[in-house]
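Data first, discussion second: the structure below is written as structure tokens.
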Amino acid sequence: MLMLAFQLSAQQKTEVTIRTDKGEYRINKHIYGHFSEHLGRGIYGGLWVGENSTIPNVNGVRKDIIDALKHIHIPNLRWPGGCFADEYHWMDGIGPRSERPKMVNTHWGGVVEDNSFGTHEFLNLCEALETEPYICGNLGSGTVEEMSKWVEYITFGGESPMANLRKKNGREKPWKVSLWGVGNENWGCGGNMTPETYAENYRRYATFCRNYGDNKLYKIAGGPNVDDYRWMDVMMRNIPHFLMNGVSVHNYTFTRAWEDKGNATGFSEDDYFSLLQHGLRMDEIVTKHAEVMDKYDPAKRIGMIVDEWGAWYNVEPGTNPGFLYQQNTLRDAILAGTILNIFHKHADRVQVANIAQLVNVLQALFLTEGDKMLLTPTYHVFDMYKVHQDATMLPVEFTSPTYSRLGKSIPSLSVSASRDKNGAVHVSFVNIDPAQSVEISSNLTDVKGKLTSAGIITAPKTDSYNTFENPNQVVLKEYKNGSFKNGILKIRIPEKSVVTVEIK
């Protein structure tokens, strides 16, 4: 057992126990998934620039983004939506681009979608990234036949009309696709259905999403919005479990409320506190949905798929309100680290998660402007935390100090730990408190080795952010204010920071 003694002052101490003897569940690498919807400048002007662009690209996708995503070992990418998925007809996005029909993106700004980024472009991108595609099919406005043929077009290697059409369009071999969403937010933009109606539709659509050859689909039902526990109950009760591998959950984090989500920058400390308070509710939401799932699936065969999460603010002034473009600050890095730690805690049930979204939309990892690209603070958290992918989760027990504001208190400390396949122990700390640091002294008598690395993400202010003129205001840096000698770990976790250490 690994004991960490947190000493805030002579008057306050917090002990954190990391159970190195109790590792049972693997932190599925797929909780580090990403999401790229046909929304605003997420695809066009973000990922996709076209093969003839002067911006360096790989088959039309920005090379700088591909390189940065490979660096963080992106495990999966969800596409084409989101709300867009349930109005997307995949056959409009195949064949010669000059012949593809245009459509109106009714959900996101009413702009013209020219379908130049379609199935081949997306799956070729996933191959370039060496990542798994996560496709969300159209249940809301599509047909069973349409979804069934899409699966066949992508994954069938034999002789059939859809396989032959794929070959005609330049792809001889089928692609490998496992993650498959059967509709999206069908309680809302995907059809405004009741859970019973959606469950009946899911059963029909999922039946005709076939496994071809050795390609096995991991079928994901469109689950509840935030805390709609009745929706989860109906999914688990009304859908035969042999037809379903996962159920999605969507939960975004706001500063205030849906109508006024707060600003991405220039916020007050009250807004900072409020956002983190709201973000910590992810633990309650996952816990209560897991309790519903456990009632029907005690063996935990069905995964919880949190395939839309992240901070959602008011759009940047002067931008299209339907494009959901927002800046990204140190506060967002702190939120991301905290929520990833929550997913680690629930490694027994949370199997896939996708932050929304990848480029220029919501809590993005990248912002672009012409040929310029920057990495946001959130990107650096995914870089720091990649060491936890597919590692064994080590349970953590502690009583956190508190951070108080607005007459309320929240835990100021979030901790997660794992052991990788080579035996290295990684411990990630998030200190939410913007003013109080945390001093750690730990006797690690049962862990052999040394402190081989430590990294930190922090900045002068909670609303510090990167710009194209100053892209390195909030970055991942080496952290040297720690030591591990003679079995003793000593490290200071500064205020408003994310820190990860490696001991091996």
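The values are calculated or read from the model by the stated rules, or taken from the named source; none is laboratory data. Being a predicted model, the structure only gives us computed values, none of them experimental. Virtual Cβ from ideal backbone geometry, glycine too; neighbours counted across all protein chains shown.
Any chance the range 178-188 includes a residue that's small (Gly, Ala, Ser) and over 25 Å from VAL247 (Cβ atoms)? No: the range 178-188 contains no residue that is small (Gly, Ala, Ser) and over 25 Å from VAL247 (Cβ atoms).
Return the residue satisfying two criteria in turn: it lies in the range 290-312 and is exposed (fewer than 14 other Cβ atoms within 10 Å of the Cβ) and in a helix (DSSP H, G or I), and of such residues it is farthest from the chain's Cα centre (by Cα). Walk me through it before giving the result.
We begin by selecting, within the range 290-312, every residue exposed (fewer than 14 other Cβ atoms within 10 Å of the Cβ); these are 291, 295, 298-299, 301.
Filter again for in a helix (DSSP H, G or I), leaving 291, 295.
Values: GLU291: 22, LYS295: 26 Å.
For the range 290-312, the residue satisfying everything is LYS295.
For the range 106-117, name all the residues that are surrounded by fewer than 21 Cβ atoms within 10 Å (Cβ to Cβ) and touching an Asp or Glu at 6+ places or on another chain (Cβ under 8 Å). Result: THR106, HIS107. The residues on offer are LEU77, LEU139, and the sole one that is in a loop (DSSP other than H, G, I, E, B) and either among the acidic types (Asp, Glu) or within 26 Å of ALA206 (Cβ to Cβ) (or both) is LEU139. Applying the criterion of being assigned to a helix (DSSP H, G or I) and buried (at least 24 other Cβ atoms within 10 Å of the Cβ) to the residues of the range 383-436, the residue that is farthest from the chain's Cα centre (by Cα) is HIS388.
Condition check for LEU77 on (1) surrounded by fewer than 17 Cβ atoms within 10 Å (Cβ to Cβ); (2) under 30 Å from ASP383 (Cα atoms); (3) not acidic (Asp, Glu): one failure, at (1). Of all the listed residues (TRP175, TRP150, TRP180), the sole one being out of contact with any Ser or Thr (no Cβ under 9 Å at 6 or more places or on another chain) and assigned by TED's automatic domain parsing to the domain that holds PRO80 is TRP180.
Given the options GLY40, GLY95, name the one that is in a loop (DSSP other than H, G, I, E, B) and either among the aromatic types (Phe, Trp, Tyr) or in contact with a Leu (Cβ under 6 Å, 6 or more places away or on another chain) (or both). Spell out the reasoning first.
On the way: GLY95 fails: either among the aromatic types (Phe, Trp, Tyr) or in contact with a Leu (Cβ under 6 Å, 6 or more places away or on another chain) (or both).
Result of the check over GLY40, GLY95: GLY40.
Set side by side, the residues ILE72, ILE43 differ, and just one is surrounded by fewer than 23 Cβ atoms within 10 Å (Cβ to Cβ) and of a type outside the set (Ser, Thr, Tyr), which is ILE72. Just one of the listed residues (ASP283, ASP227, ASP270, ASP294) is more than 29 Å from TYR403 (Cβ to Cβ), of a type in the set (Asp, Glu) and in the same structural domain as ILE339 (by TED's automatic domain parsing), namely ASP294.
Could you tell me whether VAL430 is among the hydrophobic types (A, V, I, L, M, F, W, C) and modelled with pLDDT of 95 or more?
On the way: among the hydrophobic types (A, V, I, L, M, F, W, C): yes; modelled with pLDDT of 95 or more: yes.
Yes.
Determine if the range 495-503 includes at least one residue that is of a type outside the set (Asp, Glu), over 21 Å from LEU340 (Cβ atoms) and over 23 Å from the mean Cα position of the chain (by Cα). So far as the range 495-503 goes, no, none of its residues is of a type outside the set (Asp, Glu), over 21 Å from LEU340 (Cβ atoms) and over 23 Å from the mean Cα position of the chain (by Cα). Determine which member of the set PRO434, PRO460, PRO471 is more than 22 Å from MET393 (Cα to Cα) and in contact with a Ser or Thr (Cβ under 6 Å, 6 or more places away or on another chain). PRO434 is the lone residue from the list that is more than 22 Å from MET393 (Cα to Cα) and in contact with a Ser or Thr (Cβ under 6 Å, 6 or more places away or on another chain).
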